[in-house]
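One structure is given below, encoded as structure tokens.
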Amino acid sequence: MDEIKILLTEKEMPTHWYNIQADMPNPLQPPISPRTGEVMAPEELAVIFPEALLKQEMSRERFVEIPDEVREIYRLWRPSPLFRARRLEKALDTPARIYYKYEGVSPAGSHKLNTAVPQAYYNKKEGIKRLSTETGAGQWGSALAMACSFFGLECTVYMVKVSFQQKPYRRSMMQVFGAEVIPSPSDRTEAGKAILAKDPDSTGSLGIAISEAVEDAATHDDTNYALGSVLNHVVLHQTVIGLEAKKQMEKAGYYPDVVIACSGGGSNFSGLAMPFVHDKIKEGKNTRIMAVEPTACPSLTRGKFTYDYGDTAHLTPKMMMYTLGSEFVPPGIHAGGLRYHGASPIQSQLLHDGLIEAKAYGQLSVFEAAKMFAQNEGIIPAPESSHAIRAAIDEALAAKEAGEARTILFNLSGHGHFDMSAYDAYLSGKLTDSSLPEDTLKELINALP
Ligand SMILES: *Cc1c(COP(=O)(O)O)cnc(C)c1O
């Protein structure tokens with residue numbers, strides 16, 4: 001009988017992160033300075049990031065050593081378990097084998113601590129006193145708040161105002177870890193004041209909160225900025241997920257035919273997928289590797305591959321990525337972590353090169369999949385992660401149709417214990433599907449820089 005729970009010992013935890021930049025067939029396009037319109041000089045970014053992370057951002061070194069201090073903290077929840085979803089397979093009556101890597105076992109409840117910890121570590125090492133950041137639904141803010149408290153750093157979190165009001169428990173969680181949480185837009189920054197002057201009732205957006213956090217860091221010497229997704233160094237840190245999963249799949253005795261993860265900025269997707277993309281490039285494997293996003297925020301499936309800013313006030317560099325435009329404010333879908341207008345440059349380049357694929361689902365079918373998963377596997381998944389579950393279920397059904405015993409691996413990026421109001425809305429029939437209208441999309445694309 002195949003194992004249900006495939007575990008690694010602490011000794012088997014990876015000692016290095018894997019850097020896909022060493023193996024990409026087409027290298028990344030460089031970031032462009034918002035000030036000069038030229039290729040960004042690293043010194044410009046040094047105002048808000050520590051040197052070690054900037055080095056990782058541009059590194060082509062294949063393996064980057066995980067510092068001992070970081071591994072020590074990772075060991076609180078890593079290696080994370082890999083499960084065989086036996087009961088779900090039975091319920092679907094599929095010949096497919098469904099495996100999932102579970103990142104919800106981390107203290108913050110998601111994969112985001114995998115990068116929060118090294119980011120806090122490198123900033124502390126370079127003498128920084130405080131980190132500023134933004135958070136939407138609150139997962140990133142709570143991960144960074146915990147990491148900062150472990151390294152004795154102060155933490156300021158600009159939280160999208162609508163979430164600040166609707167998600168009081170994520171806010172309390174950050175405060176327990178000692179972070180200061182400010183509803184964004186705020187009057188702490190010029191970017192925030194400008195928005196409030198135009199619209200005093202603005203409920204905020206991720207793009208606005210990023211502008212505020214970046215400005216805070218840029219205007220204070222002892223403060224740096226931390227981003228929870230999108231950037232190359234974040235993708236690098238998250239590869240600990242895929243490296244572990246690859247070892248666990250070896251133990252299970254199967255190599256995945258399909259690798260699936262949900263995608264907001266692309267970090268949990270890249271974390272699971274990159275070690276398998278490596279095998280595709282270097283060993284000729286023909287694994288399908290799929291990023292799953294909401295139809296309400298379809299940057300990968302309907303966005304344009306072009307240079308765009310990462311924030312609303314255009315303080316960040318322009319990056320080459322699939323984007324819906326930095327002006328895009330998605331409708332209030334319940335997967336708060338999947339509401340970013342762009343996507344990670346690494347993931348975008350790989351999609352452009354045909355090494356990975358992307359798919360979008362409406363939220364009703366996503367919650368339906370989440371409920372089925374919970375009823376069979378016992379874990380109530382985060383609405384974000386449930387996009388991956390939807391796709392995995394559809395792959396298992398396609399395998400049944402084809403009569404093939406395919407092996408499916410997906411990432412369960414987090415649990416949904418702080419998202420019960422979203423489940424309430426689903427169960428009481430208040431959720432609706434929304435898809436970005438074609439003419440709105442055209443307007444957004446035409447407005448790109
Ligand atoms: C933040 C978050 C995401 C989306 O972010 P990515 O960078 O795309 O991974 C997905 N799942 C969970 C549970 C999250 O907290």
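The values are calculated or read from the model by the stated rules, or taken from the named source; none is laboratory data. From a predicted model like this one, the values you see are computed outputs, not experimental measurements. Every residue, glycine as well, gets a Cβ built from its backbone with ideal geometry; the counts of neighbours run over all protein chains shown. The accessibility values were calculated without ligands, DNA or RNA, using every heavy atom of the protein model including side chains. Shrake-Rupley method; radii C 1.70, N 1.55, O 1.52, S 1.80 Å.
Below is a table of values for the structure above.
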| item | result |
| --- | --- |
| Beta bridge orientation in the chain: antiparallel %, DSSP, nearest 5 | 35 |
| Simple label model, 7 Å out from Cα along Cβ direction - S33 to M58, nm | 1.2 |
| Sites Q165 and E283 - FRET efficiency at Förster radius 51 Å, r taken between beta-carbons, to 0.05 | 0.55 |
| Calculated from backbone phi, Karplus (6.51, -1.76, 1.60) coupling profile of the range 70-85 in Hz, x at Gly/Pro | 6, 4, 4, 6, 3, 5, 4, 9, 9, x, 7, x, 10, 10, 9, 7 |
| The range 391-433 versus the range 367-382: alpha-carbon centroid distance in Å | 7 |
| Förster radius 25 Å - calculated FRET efficiency between D439 and D187, Cβ distance, rounded to 0.05 | 0.10 |
| Those residues of the range 211-235 whose amide nitrogen sits under 14 Å from the label point placed on E51, 7 Å along Cα→Cβ | none |
| Trypsin sites (Lys or Arg not before Pro) lying in DSSP loop within the range 1-85, provided at most 14 other Cβ fall within 10 Å | R35, R60, R62, R75 |
| Computed helical MRE - 222 nm, the chain, DSSP H runs ≥ 4 contributing -39500 (n - 2.57), nearest 500 | -12500 deg cm²/dmol |
| Relative contact order [Cα under 8 Å, 6+ residues apart], the range 325-393, whole percent | 29 |
| Kirkwood Rh and Cα Rg combined as Rg over Rh, evaluated for the range 1-138 | 1.06 |
| For the chain: relative contact order, % (alpha-carbon pairs under 8 angstrom, 6 or more apart) | 19 |
| Positive-end extreme of charge dipole, the chain - chosen from Y254, N446, S33 (charges on Cβ) | Y254 |
| Gyration tensor verdict on the range 82-166 (Cα atoms; rounded if a/c is under 1.5, prolate if a/b is larger than b/c, oblate otherwise) | oblate |
| Inter-label distance, nm, simple model (7 Å from Cα along the C-beta direction), H220/A197 | 2.3 |
| Inter-label distance for A402 and T306, nm, one decimal - labels placed 7 Å from Cα along Cα-to-Cβ | 3.6 |
| Rounded FRET efficiency, nearest 0.05, which uses the C-beta distance separating K5 from W77 and R0 of 22 Å | 0.90 |
| Debye log10 I(q)/I(0) for the chain, one point scatterer per Cα, at q = 0.08, 0.11, 0.14 Å⁻¹ | -0.40, -0.80, -1.38 |
| Label-reachable residues, the range 215-239, where backbone N falls under 19 Å from a point 7 Å from A41's Cα toward its Cβ | 218-219 |
| Partnerless Cys - the chain, beta-carbon criterion under 4.7 Å | C262, C297 |
| Gain in span if fully extended, S172 to K129, counting 0.36 nm per residue against the direct Cα distance | 13.3 nm |
| Rule-of-thumb Rg ratio for the range 17-94 [Cα; 2.2 N^0.38 Å; N residues] | 1.72 |
| Average accessible surface area per residue within the range 1-147, 1.4 Å rolling probe, Å² | 42 |
